[in-house]
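The values are calculated or read from the model by the stated rules, or taken from the named source; none is laboratory data. These numbers come from a predicted model, not from an experiment. Glycine also receives a Cβ, built like all others from the backbone with ideal geometry; neighbour counts cover every protein chain displayed.
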Amino acid sequence: MTIAPFKIEEFFTRYEFSAPYILGASDAETFSMAELINFADADILALWNHLKLGYTETHGLPLLRQEIADLYQTVKAQNVLVCSGAEEAIYASMQLLAKPGDHAVIVTPCYQSHKTIPAYCGIEITEVAIKPHGQGWRLDFDELENAMRDNTRFISINFPNNPTSYLPSAELFAQIVKLAKDSGAYLLSDEIYRYSEQNIKDRLPAACDVYEKGISLSGTSKLWGLPGLRIGWLVSHDTTLLNQICSVKNYLSLCNSAPSEILTVMAIRAHEKILARNQKIVARNLKLLDNFFAQQEDLFEWRRPNAGITAFVLLKHSMPIDQFVEKLIYTQGVVLLPGSVYDYKENFFRIGFGRANMPEALDRFTQFVHQLKEHSL
Ligand SMILES: Cc1ncc(COP(=O)(O)O)c(C=O)c1O
């Protein structure tokens, strides 16, 4: 079996480094090396200055594993496997979790590798969709429960979700954890947008802290605006599984980039400052989007997220979403992500509100919308 094309990444490969405005981005505003190094304390600066560029430990730098463990409540450094991006963590873990003959439940829409890679590994998949529901989104617990089988090996979730930013209530999350526990399935929880909740009371527990077969996946790429570090991680009490996943990593990156590991320690120690700067950008951008969508209610259905840095918006126009997105790129240089890359049948697109230049991109998008209405583009 060949692996399915990675539609999201292939779409971005076409435009990400040529179009002036990426309005569909899923990451926050980035930081420069100088800004990041400025956050560093004396100890970590000394490590940085004396760093030797040899191979690194496959599980990750021990100091970094400890710093990551400290972000959770019940784990130690030995419960952390550092990977080259969250993507490697997904790929490597699926080699262990997604065996032919077994079954997995995947909550969708999701970052494509969460379903493409298990399918490629030969496991049977049932998708359970987060659906539009009034002003927001909804995941039906009964549907999730009905999707479970005797041979369900794992449930894959991503809250806050990319692209909808849907965040379930604590009660629903507890029901999902119980469902996994009762069936003995692993709970693979992509928590890369955890900490983006606009109200801290909405923050869910990390899966690794509430279930011994919970696997929390995260990294520096999204909220911290540091995707160029290519650092992600898996955290779980199941160290046997982590060690097996680490053996797969020997065939992939083998080990992480030494400078990136030190830079990630700097970022973790400064993560409150990093998040605070990015939350300000998000708050400003969300106000602009509220205003924009209030004026364009005839054309769009806007579900305002209470977390995350992306929203999934319905275009209420007969133009197919791919054509709409292409016209916007070619007339205004603004890139939205069409919902078709998530295999979504309806006319949805992803818009991102984490970037500093979003106001300029939105001005151009507004001009495009006016042209569309005036001249039926
Ligand atoms: C939900 C989610 N998980 C994981 C990833 C992969 O992240 P990384 O860039 O660290 O490989 C992405 C990237 O877009 C994502 O949106």
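If you go through the range 207-222 and keep only what is touching an Asp or Glu at 6+ places or on another chain (Cβ under 8 Å) and either of a type in the set (Ser, Thr, Tyr) or crowded, with 24+ Cβ neighbours inside 10 Å (or both), you end up with ALA207, ILE215, SER216, LEU217, SER218, SER221, LYS222. Consider ALA267 carefully, then state whether it is within 21 Å of the chain's Cα centre (by Cα), within 16 Å of the ligand (Cβ to nearest atom), under 24 Å from LYS131 (Cβ atoms) and of a type in the set (A, V, I, L, M). So ALA267 does not fit the description; no. Inside the range 353-373, residues that are under 15 Å from ALA19 (Cα atoms) and outside any helix (DSSP H, G or I) make up a count of 2. In the set (1) of a type outside the set (Asp, Glu); (2) more than 16 Å from the ligand (Cβ to nearest atom); (3) buried (at least 24 other Cβ atoms within 10 Å of the Cβ), the condition left unmet by PRO163 is number (2).
For the range 202-227, the candidate set comprises residues that are within 22 Å of SER26 (Cα to Cα) and of a type in the set (Lys, Arg); within that set, the residue that is nearest to the ligand (Cβ to nearest atom) is LYS222.
Rundown of residues vs (1) surrounded by 15 or more Cβ atoms within 10 Å (Cβ to Cβ); (2) charged (D, E, K, R), yes/no style:
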| residue | (1), (2) |
| --- | --- |
| ASP43 | no, yes |
| LEU53 | no, no |
| ASN79 | yes, no |
| VAL82 | yes, no |
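Taking the criterion of being more than 13 Å from VAL248 (Cβ to Cβ), of a type in the set (A, V, I, L, M, F, W, C) and near the ligand (Cβ under 8 Å from one of its atoms), the only residue of the range 76-101 that qualifies is ALA86. When the residues of the range 17-37 are filtered to those that are crowded, with 21+ Cβ neighbours inside 10 Å and either free of Cβ contacts under 8 Å to residues at least 40 places away in the same chain or not acidic (Asp, Glu) (or both), the one that is farthest from the ligand (Cβ to nearest atom) is TYR21.
Within the range 220-255, being within 19 Å of the chain's Cα centre (by Cα) and under 15 Å from SER93 (Cα atoms) holds for GLY232, TRP233, LEU234, VAL235, SER236.
Can you say whether ILE130 is in contact with a strand residue (DSSP E or B) (Cβ under 7 Å, 6 or more places away or on another chain) and modelled with pLDDT of 95 or more, as far as the supplied structure shows? Yes. Just need a number here: residues in the range 287-324 that are in a helix (DSSP H, G or I), surrounded by 18 or more Cβ atoms within 10 Å (Cβ to Cβ) and touching a residue at least 60 places away in the same chain (Cβ under 8 Å). So the answer is 1. Here is a check on your reading of the model: is ASP43 out of contact with any strand residue (DSSP E or B) (no Cβ under 9 Å at 6 or more places or on another chain) and of a type in the set (D, E, K, R)? Yes, satisfied.
Every residue, every condition in (1) buried (at least 23 other Cβ atoms within 10 Å of the Cβ); (2) in contact (Cβ under 8 Å) with a residue 12 or more places away in the chain, yes or no:
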position: TYR330; (1), (2): no, no
position: GLY333; (1), (2): no, yes
position: LEU336; (1), (2): yes, yes
position: SER340; (1), (2): no, yes
position: ASN347; (1), (2): no, yes
position: GLY354; (1), (2): yes, yes
position: PRO359; (1), (2): no, yes
position: GLN367; (1), (2): no, yes
position: GLN371; (1), (2): no, yes
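Comparison of PRO160, PRO168, PRO205 shows that the only residue that is touching a Phe, Trp or Tyr at 6+ places or on another chain (Cβ under 9 Å) and within 23 Å of LYS280 (Cβ to Cβ) is PRO160.
Highlighted here are the strands (runs of 3 or more DSSP E) found entirely within the range 137-255 that include at least 1 residues which are over 29 Å from MET266 (Cβ atoms) and at pLDDT 95 or above: 152-158, 186-190.
Restricting attention to the range 140-155, the residues that are among the hydrophobic types (A, V, I, L, M, F, W, C) and either surrounded by 21 or more Cβ atoms within 10 Å (Cβ to Cβ) or more than 19 Å from TYR186 (Cβ to Cβ) (or both) add up to 2. Applying the criterion of at least 1 residues that are farther than 20 Å from ALA267 by Cβ to the helices (runs of 4 or more DSSP H) found wholly in the range 1-59 leaves 7-15. Among the residues of the range 2-14, just one is farther than 16 Å from SER340 by Cα and either crowded, with 18+ Cβ neighbours inside 10 Å or of a type in the set (A, V, I, L, M, F, W, C) (or both), namely ILE3.
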